[in-house]
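Chemist: Please find one structure pasted underneath; my questions will follow.
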Amino acid sequence: MSDTTIGWEAEADLVVIGGGVAGLTAARTASLRGLRVLTLSKGGPTDTSTQYAQGGIAVVAPHGDSVDSHVQDTVTAGAGLCDPEAVRSIVEGGRDAVTALTDLGAVFDLGRDGQVSRTREGGHSTRRIIHAGGDATGAEVQRALNAAGMPVLFGAAAVRIVTGADGVQGVVAVSDKGFGVIHTPAVLLATGGFGQLYACSTNPPGATADGIALALRAGATVADLEFVQFHPTVLFTPGGLGRRPLISEAVRGEGATLVDSEGNSVTAGVHPRGDLAPRDVVSRAIAARMQTLGTDHVYLDARAIDGFAGRFPTITASCLEAGIDPRGDLIPVAPAAHYQCGGIVTDTHGRTVVPGLYAAGEAARTGLHGANRLASNSLLEGLVVGERVGTAAVERRGVAARVTEAGPATFPRIDRKALQELMTDHAGVVRDGDGLRGAMLRLLGLLGGTDTTPSTETASVIRDLEDASLTLTARAMLVVATTRTESRGCHTRSDYPDSRDELRRSLPVRLGPDGRPQIVTANAERTGPVPLVTARAS
Ligand code: FAD
Ligand code: SIN
């Protein structure tokens, strides 16, 4: 396989790229609406971020809670960049989405009163997070969706979205049968996040920003990429790299506290909600304390939680594997890359500016998260918007779609490890202009010297594609992070510690004619809640 010689062809009304919560929810809905759906997943049935979700799903509780309250908490966490209409629309869809999931067989934990049990996480004003299997919510969501029986082509990766005058015409993909084309008028990008931009992440290995790269190359807009959420409490083990076990925020919701190596509270005096402040606040507090004390981690003290192992079986197992017993030991933790708050710009039905191209889940930027996602709002978004895309895609039925030119299948890329080191060192919890500009120069230098000889084996082709997706996304991210000369949400600049009113807007990015990511200077979005932008990339 040395070029894009096409070895197989297929046809569909909708191609769903991604087998996590957003993709499978959309696939199922579209199929119920009578569309011929083809779903691709480059991994296996559980190689998704969905599988690893712990804390739960944020959904308005029947008593002592309201849509207004959930909207308010979301908008507060989003630090001025949420689209309030999108927030309300998605929050309002929560109960029906969870009902649909339970109808599929998903089982949520019950309390002693027989009602669905709800926990609390950072930034939430009340206990509204429903969960399953204690801390295995994602595994239950994935299980229920997988069991719904949607056919999925596993081990198949999308390479390019092909577009024409009427929008989407098809997808070029690679599978164990080599390169193929799928003729289709509608494509959903439900490819998850970009945690693999960093050396340590809670995300699985496949979280390589493919959706962002596919969307940019197809002419769509991305925004809010600079807002990378670093989860405050990821299990720390010396030298640990790659996917790291999460210690859910729900552990703090049940009473655990953050202490430093001298036994002092990490968050005392930092925020009225203390250890349950929004994630950006807690991650910054931990980073600052680690810097002051010259340590590479702090501790979570969960020893006072009754029945810890029963409530948090997944976390208990991860800790025991690392030689830590949370019932008697402090748990060493440090922040790590967790969630991409921005993504492909869409409306609340997943539509992008490219007719027939949709995005949902972590890959998308609906305006729900703004500058910082509220805990457990992601599964909610995947369920609600996934369902809506499955319905919206009916609008493309009957549009003639034929791929006539497959185009290139290799794209500029740099070595993954080098990229992860750059991003970890210069685009982490706290950044500054010199570091971000230096990272961009280094990236461009590495790009100049990279061997881009096409790989021949399918696994290597996919690995190269992932590296190219990470490379392009890092470039886009560094452009906006450099331009955002302020601190807001989870974008913290040590050289600009305050928020600036004139930057209270998203910075949308598209590919310029030269193939470089550029900030869009006027709001030309058909669907867009993206406010007018006047800043230019340096
Ligand atoms: P994923 O579930 O990541 O699925 C992406 C899919 O796309 C995969 O099937 C992958 O193989 C496929 N794919 C990617 N690229 C390609 C390509 N080029 N071609 C073909 N297929 C491709 N959120 C919450 O709301 N509550 C929580 O408690 C919570 N806990 C979390 C805990 C952890 C450890 C992690 C990592 C995340 C957590 N999140 C949580 C976030 C949430 O799980 C994710 O944001 C969400 O599951 C993403 O779903 P998705 O469908 O968008 O993508
Ligand atoms: C967690 O359980 O702390 C993760 C929840 C989330 O990312 O939404």
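Nothing in this text is a laboratory measurement; each read-out follows from the coordinates by a stated rule. The structure presented is a predicted model; accordingly, all values stated were derived computationally and were not measured. Cβ coordinates were reconstructed from backbone atoms using ideal geometry, including for glycine residues, and neighbour counts include every protein chain displayed.
Chemist: List every residue whose amide H lies under 5 Å from the amide H of residue 83, counting only residues 5 or more places away in sequence or on a different chain, with H placed 1.01 Å from N in the peptide plane.
Modeler: Under 5 Å from the amide H of residue 83: 368, 370.
Chemist: Right, here's the next one. Based on the alpha-carbon gyration tensor of region 50-117 and its eigenvalue square roots a ≥ b ≥ c, which shape applies: rounded if a/c is under 1.5, prolate if not and a/b is larger than b/c, or oblate?
Modeler: It is prolate, given that a/c is not under 1.5 and a/b is the larger ratio.
Chemist: Right, here's the next one. What Kirkwood Rh does region 446-514 have if only Cα atoms enter the pairwise 1/r average? Answer in Å.
Modeler: For region 446-514, inverting the mean 1/r across all distinct Cα pairs yields 14.8 Å.
Chemist: Over the Cα atoms, compute the radius of gyration (one decimal) and Dmax (the largest Cα-Cα distance, rounded to a whole number) for region 214-280, in Å.
Modeler: Every Cα atom of region 214-280 included, Rg and Dmax give 16.8, 52 Å.
Chemist: Can you sort 490, 200 from fewest to most other Cβ atoms within 10 Å of each residue's own Cβ?
Modeler: 200, 490
Chemist: Here's another thing I want to ask about it. Whose amide H sits under 5 Å from the amide H of residue 200, counting only residues 5 or more places off or on another chain, with H placed in the peptide plane?
Modeler: Those qualifying (amide H under 5 Å, at least 5 residues apart or on another chain) are 242, 337.
Chemist: Quick one: 477, 150, fewest Cβ neighbours within 10 Å first, how do they rank?
Modeler: Fewest-to-most ranking of 477, 150: 150, 477.
Chemist: Can you run phi through the Karplus equation (6.51, -1.76, 1.60; θ = phi - 60°) for region 327-335 and list ³J(HN,Hα) in whole Hz, with x for Gly and Pro?
Modeler: Taking θ as phi minus 60°, the curve returns 6, x, 10, 6, 9, x, 9, 8, x Hz for region 327-335.
Chemist: Just want the ordering: 358, 198, 496, 339, from fewest to most Cβ atoms lying within 10 Å of their own Cβ.
Modeler: By the 10 Å Cβ count, ascending, the order reads 496, 198, 339, 358.
Chemist: At most 15 other Cβ atoms within 10 Å plus a DSSP loop assignment makes a site exposed; report the longest stretch of the chain without any exposed GluC sites (Glu not before Pro).
Modeler: So the longest stretch without any such site is 1-261.
Chemist: With a ≥ b ≥ c the root eigenvalues of the C-alpha gyration tensor of region 222-377, is it rounded (a/c under 1.5), prolate (a/b larger than b/c) or oblate?
Modeler: prolate
Chemist: Separate question: For Cα pairs less than 8 Å apart in space and 6+ apart in sequence, what is the mean separation divided by the residue count of region 1-49, i.e. the relative contact order in percent?
Modeler: This gives 40 percent for region 1-49.
Chemist: Oh, and also: Rg/Rh for region 233-312: what does it come to with C-alpha atoms and Rh from Kirkwood?
Modeler: That ratio equals 0.95.
Chemist: A further question follows. Between 0 and 90 degrees, rounded to the nearest ten: what's the tilt of helix 377-392 against the longest Cα principal axis of the chain?
Modeler: Orientation of helix 377-392: about 30 degrees from the principal axis.
Chemist: Something else about it: Express in whole angstrom the spacing between the alpha-carbon centres of region 140-207 and region 399-420.
Modeler: Taking the Cα centre of region 399-420 as reference, the centre of region 140-207 is 13 Å away.
Chemist: A further question follows. Can you give me the Cα centroid spacing of region 323-356 and region 235-282 in angstrom?
Modeler: Value for the Cα centre distance between the two parts: 16 Å.
Chemist: State, in angstrom, two size descriptors of the chain derived from its alpha carbons: Rg to one decimal place and Dmax to the nearest whole number.
Modeler: 21.8, 67
Chemist: At 222 nm, what helix-only mean residue ellipticity would the chain give, in deg cm²/dmol to the nearest 500, using -39500 (n - 2.57) for each DSSP H run of four or more?
Modeler: -9500 deg cm²/dmol
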